[in-house]
1. Quick test for you: out of Ala307, Ala312, Ala292, Ala321, pick the one residue that is modelled with pLDDT of 95 or more and farther than 21 Å from Ile373 by Cβ.
2. Go through (1) touching a residue at least 24 places away in the same chain (Cβ under 8 Å); (2) among the small types (Gly, Ala, Ser); (3) not in a helix (DSSP H, G or I) for Ala353 and report which single condition fails.
3. Tyr300 fails exactly one of the following numbered conditions: (1) more than 18 Å from Phe230 (Cα to Cα); (2) crowded, with 16+ Cβ neighbours inside 10 Å. What is the number of that condition?
4. Just checking, does the range 54-63 include any residue being closer than 30 Å to Ser17 by Cα, among the β-branched types (Val, Ile, Thr) and either at pLDDT 85 or above or part of a loop (DSSP other than H, G, I, E, B) (or both)?
5. Taking Glu90, is it modelled with pLDDT of 95 or more and either buried (at least 18 other Cβ atoms within 10 Å of the Cβ) or of a type in the set (Phe, Trp, Tyr) (or both)?
6. Tell me, please, whether a residue that is surrounded by fewer than 20 Cβ atoms within 10 Å (Cβ to Cβ), more than 19 Å from the chain's Cα centre (by Cα) and closer than 30 Å to Lys202 by Cβ can be found in the range 364-381.
7. Pairs, please: C-beta under 6 Å, at least 6 apart or cross-chain, first residue over 20 Å from Ser63 (Cβ atoms) and in the range 90-104, second assigned to a helix (DSSP H, G or I) and not hydrophobic (A, V, I, L, M, F, W, C)?
8. Residue by residue through the range 134-164, note down the ones that are modelled with pLDDT under 75 and either in contact with a Cys (Cβ under 9 Å, 6 or more places away or on another chain) or farther than 20 Å from Lys333 by Cα (or both).
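The values are calculated or read from the model by the stated rules, or taken from the named source; none is laboratory data. Predicted model, so just to flag it, every value in this text is computed and none were measured. Cβ coordinates were reconstructed from backbone atoms using ideal geometry, including for glycine residues, and neighbour counts include every protein chain displayed.
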Amino acid sequence: MDKIVRVFNFKNLKKNSTWIISLMGMFFVLHAGIPIYINSAFLSAFTGEQFVGIIFTIASFLSILGIIATTKSIEKFGDYKTMVFLILLEIIALVGMIVLNKLVLIIPAFFIHFIFNFTFGMNIDVLLEHNSKDQKTGAIRGAYLTLNNFAWVIVPILAGFMVGKNNYWKVYLASLVFLIPLVFLLNSNFRKFRDPKYERLKLWKTFMRVQKDKNIKNIFIVSVIMRIFFAVMVIYTPIYLLNHIGFSFSEMGIILTVALSAYLFLEYPLGKLSDTKFGEKEILTAGFVVLAITTVVISYITSTSLAVWSLALFGTRIGAAMIESMSETYFFKNTNSSDTDILSFFRTAGPVAYLIAPTLGSLFLIFFDLKYIFLATGIFVLVGLKYSLSIKDTN
């Protein structure tokens, strides 16, 4: 405990950039995470369930363009100035989502908010990778993900109790408030950040570079598959729990908080293990098996018990935590902070997944009941085994 207190003393934090960046990551997750499981329900109140997937698909395509633009901005203006500009855009978007009540105005604001959550995370990656050593990447990424996951654990229950009777504006206001400590940490510690010499983003050249590097290509595909699972859960789980099982927002918040606690318990020790005892390949492969089995099970749960659903979704996150921690660790062990072209490509895994999941999800729901989307997702993630078994361990 004394060690933890010493680490989180602000004077000590000033000497340890990785912990400052980890705190920034935590506040970023609090900002981005508190509305993430509310967004689909919020949009469906204006459009209906069948059109939510289309909005996410368009937002995902725009996010890919946003990542490219952000990379160009980092190269030209530096990471710090790019982050400040993105924050200003996000503030405008959140204010719009709080005060506007017409779909034609809300959708552009939602697009900016959605894009920010992908692009700003990449900016933080540049800072963290610049301050990481390869031999400690697993532990550093594990610590970073653990603080992030502390935030992920608490945001669903906060959002659930805030929304109440469709008071969505409270959630977006809270999201705006969590930007304040993030801005403080950024401005007080990285205003004079010395950018490394970045690799210029040339799309075709970057694509060919990834194609030639079997390990980077495979871990990118692993990340896409994992994030397709995330996208399905983020878009369709709230709608299913609220509209089909009959839980309230507050009950859904409790279920998701229990489920997401798996990340908090697992990702740091898994990162340490990948540095010392086990290779990433073994943990990744086991993670896909666990994720597939537990996701399939969801389609066959008929209970309305809070405990049953909490346990079921907790099981899926055990597998997801194994995959996420190892895919992040493996990627950053094979790159450095100057590789912004490769980092940008890797971060497109999120929007690519959000392009695929709602597009296929919308088509799937034309023919099948919503509950079977979890069965289909569980079977699909088994594809990840081919790619996890193909990478070469870093140990």
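1. Ala307
2. Failed condition: (3).
3. Unmet condition: (2).
4. No, that holds for no residue.
5. Details: modelled with pLDDT of 95 or more: yes; either buried (at least 18 other Cβ atoms within 10 Å of the Cβ) or of a type in the set (Phe, Trp, Tyr) (or both): yes.
Criteria met by Glu90.
6. Scanning the range 364-381, I find no residue that is surrounded by fewer than 20 Cβ atoms within 10 Å (Cβ to Cβ), more than 19 Å from the chain's Cα centre (by Cα) and closer than 30 Å to Lys202 by Cβ, so the answer is no.
7. Cβ pairs passing all conditions: Ile98/Tyr172.
8. Correct list: Gly164 only.
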